[in-house]
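Worksheet: one structure, shown below.
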Amino acid sequence: MTGRAWYLDKSWGKKEFLIMDLSLNVGDTFSIHRLEFPEDSLAIVDSIKYESGNKKIYLSTNDNPVLSKESLTFIEGTGPNAGIISQLYQSAVHFGDGSILLCAHKDSIQTYTNSSLYFIGQCFVLWGGIEENQLNKFKLTLFPNPTSDKVQIDYKGSLPYSIEIMNYTGKFISSKTDINSSTLDFDMTQYPHGIYLLKVTGNDGKFATGSILKL
């Protein structure tokens, strides 16, 4: 109930940014870091509530285009309702509602639902399936991420493998098959700004997933 959460940004000088603080009280302020601007955005705690035994801290801010549509909320056991993108990037407004948490699951049970009328989207667990087919997350590395042009895909699974790219709503964008190199430079220059989901599947049927932020 007094915990904090940080985001380690490896692409921006390996800095840590505080993205949630459950120790705040009504009237306290919270700095929202914005990587695209030298100054931070300031949020103020409006109220604190308890729902289903979990603490919720509601904050207001007027100079963040995404968070002005919905109160920034810190939720015990879930995290912040505004994702890292909406907190750190002023241009998150161009990424749509993909920067706001729509739902959360724990042990295949939905534990959080966003009830805002402004943020509407499909709530689902992407690429859920048999656990033994899911590769260890360290088998796939994407760098740099975020990127403005190319991203290097480093895959340590079975060769050859295939790549599928989808947008944050799950819509298919493109694919590439029969890749025999463990390292691949993937050009995203022609892709619009936003979040993209990547799935890599080896010839043994095991897969790894990751997400890419295109600036």
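The values are calculated or read from the model by the stated rules, or taken from the named source; none is laboratory data. Just so it is clear, the structure is predicted and the values come from calculations on it, not from any experiment. Here the Cβ is made from the backbone with ideal geometry for all residues, glycine too, and neighbour counts use every protein chain on show.
All told, Asp204 falls short of being surrounded by fewer than 17 Cβ atoms within 10 Å (Cβ to Cβ), within 22 Å of the chain's Cα centre (by Cα), acidic (Asp, Glu) and more than 14 Å from Thr141 (Cα to Cα).
In segment 192-204, is there at least one residue being on the phi > 0 side of the Ramachandran plot, assigned by TED's automatic domain parsing to the domain that holds Leu142, in a loop (DSSP other than H, G, I, E, B) and modelled with pLDDT under 90?
Taking every residue of segment 192-204 in turn, none turns out to be on the phi > 0 side of the Ramachandran plot, assigned by TED's automatic domain parsing to the domain that holds Leu142, in a loop (DSSP other than H, G, I, E, B) and modelled with pLDDT under 90.
Being modelled with pLDDT under 75, in a loop (DSSP other than H, G, I, E, B) and not assigned by TED's automatic domain parsing to the domain that holds Thr73 is a property that holds for Phe119.
Residues are listed down the side, and each one gets a yes or a no for (1) touching a Gly at 6+ places or on another chain (Cβ under 9 Å); (2) within 15 Å of Gly210 (Cβ to Cβ):
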position: Thr141; (1), (2): yes, yes
position: Pro144; (1), (2): no, yes
position: Ile153; (1), (2): yes, yes
position: Gly157; (1), (2): yes, yes
position: Ile163; (1), (2): no, yes
position: Met166; (1), (2): no, yes
position: Lys171; (1), (2): no, no
position: Leu184; (1), (2): no, yes
position: Pro192; (1), (2): no, no
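Among all residues of segment 171-191, there is none that is at pLDDT below 85, surrounded by 17 or more Cβ atoms within 10 Å (Cβ to Cβ) and either of a type in the set (D, E, K, R) or under 17 Å from Lys150 (Cα atoms) (or both). Note on segment 31-47: among residues that are part of a loop (DSSP other than H, G, I, E, B) and not aliphatic (A, V, I, L, M), the one that is modelled with the highest pLDDT is His33. Take the conditions (1) modelled with pLDDT under 80; (2) in a loop (DSSP other than H, G, I, E, B); (3) β-branched (Val, Ile, Thr); Val93 misses just one of them, which is (2).
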